[in-house]
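The block underneath contains the structure these notes are about, expressed in structure tokens.
The values are calculated or read from the model by the stated rules, or taken from the named source; none is laboratory data. Computed from a predicted model, the values in this text were never measured in an experiment. Here the Cβ is made from the backbone with ideal geometry for all residues, glycine too, and neighbour counts use every protein chain on show.
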Amino acid sequence: MHTTIVIDEKYRDTAAVQLSSMLSQGGGAELVTLSEFLVRAGIEFDVETGNLNWDKSIFSKRYPDARSRRICNRVISISNATVAAMDGDEGVLTPNFVFDVYAAVLKEFREVWGEPGLYSPAGNLLPLNLQWRLFASRITDISTPKFVYGFGFANIDTKDFHRPLWKSPFDLYGWKPEEVDKNRIHPFVVDRPPGTPVFVYFVASSANVFTVEHHEVDEQIKTTLMRCANSLREMFGAFMGEALFFADGERLTFAAFSHYVKTSLSDGHFASVLESGLKQCAA
Amino acid sequence: MFDMIHLLTADSVPPPLLDSMVDVYISRRKLDLEKVMWYAHYFSPAAAQRLIAAYESLPEASRFSYLLSPATYEVVHVFDQKPVENCELLTLYAYDQLSIAQGEPPKGHRPDAREIWSLTGGEVLRRTQAGWHLEEAEKLDGLVVIDFDSPFARAIRDSPLMSRPAEEFSEAERNEILQKVKDAYTYVDRVAPIFGRLIRNYTRAARMRKCAAFSDVSSEHVTNTIGEIRLMNAFQEAYSMLKVAEALVHESVHNLLSTYEYLFGHFLLREDDRNYRPVSLWSGNPIPVGSFCHAIFVWFALYNLALHELRQPGLTKEQRKQIQQRRNHYASGFMVPTDLSDYLCDLGLFQREYLPTIDRIQEIVQNLVRKESHQGMEATAIAV
């Protein structure tokens, strides 16, 4: 089956090229930006109404075989660049308008890898605190970080924190202490979990565990995290993604999940995990 | 809550909610004041008696002003935290209101004061050599106070907009604001008369604030001062007349909702955990659950305001485009394909009707947007 891989104009999935090359060896694949995909599908901006219209006759002509086509949806966020491409830079549309038509178009295809969820066309895209809450509600034998999210210009008492980090709740990857303005509004302070970083990533139901220094991972930890991969996939509604944990001896703390796999690309097994995952999906 | 949904379309035949809820509010405020008077007896019978006497000294019209004011709401709302102190404050407020009604303070009331303010901040008695002189603030339609100078406008409080000291307005800045606010109100009342009525019914006073360092938030409402709205730096060029119009409607809808919740029960049944805030589908910022609850209605009202604006005859292409831009911004959060209730349901315990209501509003907006797309014509009022 032919696969169309859709990515955002600006927020490009770093795995897209690999996905494309691997799927090309299957039934054929093409890589398109979201705006190109939507225009081809017959979505056009109406200057008179300031809205997007869908000319379904264009869609039928372009994709007469939609019912036997596959979309690999790697649009995790819709950028303003995509919106500008859709409304000719008139500044009239918003990303959610594009999200709405994209979701409608996706429904016309037989197989869609990566479906809309909360805040994202490709699953549930959440800030750290909501990720931890979700994770803790499903998995009870792995900790989540201690944190405080102050409201307004709150003074956060960090005396019980071992390694307080002032972060943004949207910053999935910054876990090193750095000089920040502690007087910022709505301070988000996290106690950096003890231990060393370890990643688990997955593509569909194929997964692997690794560290960025390519150290051996303790077998117990590896087993636990491989088991976690399915839960992560389900709770974030993700087709693929990577999760950062901190391992301190046998103790694990979940830190962050990302729908992107930019760190996991450096894992030596990435290509085989990708291949295996795609094969299982395509079967 | 289908009547609330209908009200916020500003359709020509509003539900009784728009006007009758004000009567219910006054009755309830009176009941709450009576409760205060009764409760205060346990702590200080003398203080309670003084409050009763003060309230009873007020002429009928002044009693309405007293009961409706954001100032007395705020005190009654937290009365039990400091019963005697709050009782004394309510008594002072009653005599302040009486002073305004009489044109001079009753004997012994604030003997050293140079000025005495009404409870909305709309009137002030100033002591002169010739005696007391009454000044009145400008008001929209004789009802909504535009307040620059009252203690309520200048106070330092916890909320973001009031947390830094109030700076002085120049004469030019005052005039700029007055003209803008009047023009904005006139505009709203013309394009969507129901929203004009909403503003008159639910907003007692618009406090104007100046703070040069402030760039974050341009308008504000807080739930413990029902009837008050605040605008920051409204004299600035970037704060256009249309932006003021948007703020007037936005904050008045908050007042409407706070009134509704005060009378009929809160949307959020348990205090939310501020550590877990949903991300706004409009701004992309995490906001408290309570704010998200109100925001749905506010954006819906603004979306309908834009629809009414688009129905004005004789709009230029540029004007039409600008309104469409705002319309789409207001509609934006509703356009997500996932149910709005999914964004909230795990983060709080809600009153039974609330989550179905927001999903219904989302459905209405999506249908209106799609109807416009397909038929290329302006949508008419929804049938609920």
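Within the option set B:E363, B:E353, B:E318, being surrounded by fewer than 19 Cβ atoms within 10 Å (Cβ to Cβ), away from every other protein chain (no Cβ under 11 Å), acidic (D, E) and touching a residue at least 40 places away in the same chain (Cβ under 8 Å) holds for one residue only, B:E353.
Among the residues making up the range A:28-68, those that are farther than 21 Å from A:K107 by Cβ, assigned to a loop (DSSP other than H, G, I, E, B) and not acidic (D, E) are A:G28, A:V47, A:T49, A:G50. With the structure loaded, tell me whether B:E309 is touching a residue at least 24 places away in the same chain (Cβ under 8 Å) and either touching a helix residue (DSSP H, G or I) at 6+ places or on another chain (Cβ under 7 Å) or within 11 Å of another protein chain (Cβ to nearest Cβ) (or both) or whether it fails that test. Yes; evaluated as a whole, the condition is true for this residue. Of the strands (runs of 3 or more DSSP E) lying entirely inside the range A:161-219, those containing at least 3 residues that are in contact (Cβ under 8 Å) with a residue 40 or more places away in the chain span A:188-191, A:196-203, A:206-210.
Looking across the range A:63-96 at every residue that is touching a residue at least 40 places away in the same chain (Cβ under 8 Å), more than 11 Å from chain B (Cβ to nearest Cβ) and more than 30 Å from A:S24 (Cβ to Cβ), the one that is surrounded by the fewest Cβ atoms within 10 Å (Cβ to Cβ) is identified as A:G88. A:G114 falls short of the stated requirement of being over 30 Å from A:P194 (Cα atoms), small (G, A, S) and surrounded by fewer than 20 Cβ atoms within 10 Å (Cβ to Cβ). The one condition from (1) modelled with pLDDT of 95 or more; (2) in a loop (DSSP other than H, G, I, E, B); (3) over 20 Å from B:E88 (Cα atoms) that B:G142 does not meet is (1).
Among the residues making up the range A:121-140, a single one is in contact (Cβ under 8 Å) with a residue 12 or more places away in the chain, part of a loop (DSSP other than H, G, I, E, B), more than 10 Å from every other protein chain (Cβ to nearest Cβ) and not small (G, A, S): A:I139.
Residues in the range A:246-283 that are hydrophobic (A, V, I, L, M, F, W, C) and free of Cβ contacts under 8 Å to residues at least 40 places away in the same chain: A:A283 alone. Suppose we filter the range A:46-62 for residues that are at the interface with chain B (Cβ under 10 Å from one of its Cβ atoms), out of contact with any His (no Cβ under 8 Å at 6 or more places or on another chain) and either in contact (Cβ under 8 Å) with a residue 40 or more places away in the chain or surrounded by 16 or more Cβ atoms within 10 Å (Cβ to Cβ) (or both); how many remain? Qualifying residue count, the range A:46-62: 6. Quick check: is even one residue across the range B:332-347 within 10 Å of another protein chain (Cβ to nearest Cβ), at pLDDT below 95, loosely packed, with under 15 Cβ neighbours inside 10 Å and over 21 Å from A:G91 (Cα atoms)? Yes, some residue in the range B:332-347 is within 10 Å of another protein chain (Cβ to nearest Cβ), at pLDDT below 95, loosely packed, with under 15 Cβ neighbours inside 10 Å and over 21 Å from A:G91 (Cα atoms). Among the residues examined, B:A40 does not qualify as in contact with a helix residue (DSSP H, G or I) (Cβ under 9 Å, 6 or more places away or on another chain), aliphatic (A, V, I, L, M) and surrounded by fewer than 16 Cβ atoms within 10 Å (Cβ to Cβ). Residues considered: A:T224, A:T158. Of these, the only one that is modelled with pLDDT under 95 and out of contact with any helix residue (DSSP H, G or I) (no Cβ under 9 Å at 6 or more places or on another chain) is A:T158. The residues on offer are B:V24, B:V75, and the sole one that is part of a helix (DSSP H, G or I) and under 27 Å from B:A153 (Cα atoms) is B:V75. With respect to B:A113, is the statement that it is in a helix (DSSP H, G or I) and over 26 Å from the mean Cα position of the chain (by Cα) true? So B:A113 does not fit the description; no. Going through (1) more than 23 Å from B:S280 (Cα to Cα); (2) without any contact (Cβ under 8 Å) to a residue 12 or more places away in the chain one by one, A:W113 falls short only on (2). For B:S283, the test of being of a type in the set (S, T, Y) and part of a helix (DSSP H, G or I) is failed.
There is at least one residue in the range A:103-120 that is within 11 Å of another protein chain (Cβ to nearest Cβ) and of a type in the set (D, E, K, R).
Looking across the range A:166-195, the residues that are away from every other protein chain (no Cβ under 13 Å), over 26 Å from B:D158 (Cα atoms) and not acidic (D, E) come down to A:L172, A:Y173, A:G174, A:W175, A:K176, A:P177, A:R192, A:P193, A:P194, A:G195.
Listed here are the residues, each with its yes/no results for (1) more than 25 Å from A:V189 (Cβ to Cβ); (2) away from chain A (no Cβ under 12 Å); (3) hydroxyl-bearing (S, T, Y).
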{"residue": "B:V244", "(1), (2), (3)": "yes, yes, no"}
{"residue": "B:V249", "(1), (2), (3)": "yes, yes, no"}
{"residue": "B:S252", "(1), (2), (3)": "yes, yes, yes"}
{"residue": "B:S258", "(1), (2), (3)": "yes, yes, yes"}
{"residue": "B:E261", "(1), (2), (3)": "yes, yes, no"}
{"residue": "B:H266", "(1), (2), (3)": "yes, yes, no"}
{"residue": "B:E271", "(1), (2), (3)": "no, yes, no"}
{"residue": "B:R277", "(1), (2), (3)": "no, no, no"}
{"residue": "B:L281", "(1), (2), (3)": "yes, no, no"}
